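Only the coordinates and a few stated rules stand behind these numbers; no lab work does. All values derive from a computational prediction rather than experimental measurement. Note that each Cβ is placed from the backbone with ideal geometry, even for glycine, and that neighbours are counted across all protein chains shown.
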Amino acid sequence: MKHLISVILLVVLVVFVSSFAIKNNDLPNSNAKITRIYPNPATSYIIFEFDKSIDRNYSLQIFTFFGKKMTEIRLSDSKLNIPLDDSYTRGLYIYQLQDLSGKLVESGKFQVNK
């Protein structure tokens, strides 16, 4: 019985750890529109670099980890510098790249350390 419990705990641990080990930007994806996000963790700004052929009708949205929308910007260039004002407190943030119809194209996360 102890062996079975140990195996179950090991499987749960492996699944839990592997969910944090793979990052969106680490996966090879020929359809990726966001090519680079830096600095991560961010303090006063975050820069998103996009594929040169990205549709300018896309928008980038940033949410707190709890779902509050912080920023929504329509793309105008292949590089977007977003200043992180005082409303961006220390924590984890989610970004979403959406097309004109609102369809999710790409998403990921970044951290703010202030």
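The listed residues are Gly102, Gly67, Gly108, and the only one of them that is of a type in the set (Gly, Ala, Ser) and surrounded by 13 or more Cβ atoms within 10 Å (Cβ to Cβ) turns out to be Gly108.
What is the residue count in the range 67-92 for residues that are over 19 Å from Asn40 (Cα atoms) and under 16 Å from the mean Cα position of the chain (by Cα)?
Within the range 67-92, residues that are over 19 Å from Asn40 (Cα atoms) and under 16 Å from the mean Cα position of the chain (by Cα) number 5.
The C-beta contact set for the range 54-75 (first residue touching a residue at least 24 places away in the same chain (Cβ under 8 Å) and closer than 17 Å to Ile37 by Cβ, second residue in a loop (DSSP other than H, G, I, E, B) and not hydrophobic (A, V, I, L, M, F, W, C), distance under 8 angstrom, 6+ apart or interchain) comprises Ile54/Lys33; Ile54/Ser78; Tyr58/Lys33; Tyr58/Asp99; Leu75/Asp55; Leu75/Arg56; Leu75/Asn57; Leu75/Tyr58.
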